[in-house]
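The values are calculated or read from the model by the stated rules, or taken from the named source; none is laboratory data. Predicted model only: the values in this text are computed from it and were never measured. Glycine also receives a Cβ, built like all others from the backbone with ideal geometry; neighbour counts cover every protein chain displayed.
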Amino acid sequence: MTWDEIEIPKELRPFMMEQAQETRLGHKNGANRQYRYGNLHIREYDDKYLVHMDKANPHDDPLGHLVHDAQEVLVGMASGAVGGAKVASYIYKKSKKTKKDKQIAAAAGIISSVAIGYVGYKLAQKAKGQ
């Protein structure tokens, strides 16, 4: 649980679940399911709900949600793009510049962008306190 989340025990009552929509968007953080009701993000666990307000609803404003609520995703995407491009460029510059070398450089760029992006994402999550 982060400092901006509210914990609601399940035994109190079902929490607005009839209006909320189940979603895949957002960090599950071990929840069984997660829902959205406007800017409200609800995670359902066996014994409780964890609820917080996002500044932007990702269904209505995905870019706003990335900028205001999920900066770690942007960091991961940017670090993956820059890192992958650097790896591909380095490998291609060291090659004989054949068609096969271009393909190898592109494949290395894609694979490294995924790895570098994931590391950037996890570091940003840690810095954000998640």
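Quick notes on this one:
- The range 19-53, residues that are under 23 Å from Gly64 (Cα atoms) and either out of contact with any strand residue (DSSP E or B) (no Cβ under 8 Å at 6 or more places or on another chain) or among the basic types (Lys, Arg) (or both): Arg24, His27, Lys28, Arg36, Gly38, Arg43
- One residue from Val82, Val87, Val75, Val51 being outside the structural domain of Tyr121 (by TED's automatic domain parsing) and among the aliphatic types (A, V, I, L, M): Val51
- Only a single item in (1) at pLDDT 90 or above; (2) surrounded by 15 or more Cβ atoms within 10 Å (Cβ to Cβ) is not met by Phe15, and it is number (1).
- Residue match in the range 23-32 (condition: farther than 27 Å from Lys126 by Cβ and modelled with pLDDT under 95): no
- When residues of the range 79-130 are limited to those that are β-branched (Val, Ile, Thr) and crowded, with 18+ Cβ neighbours inside 10 Å, the one farthest from His52 (Cα to Cα): Ile91
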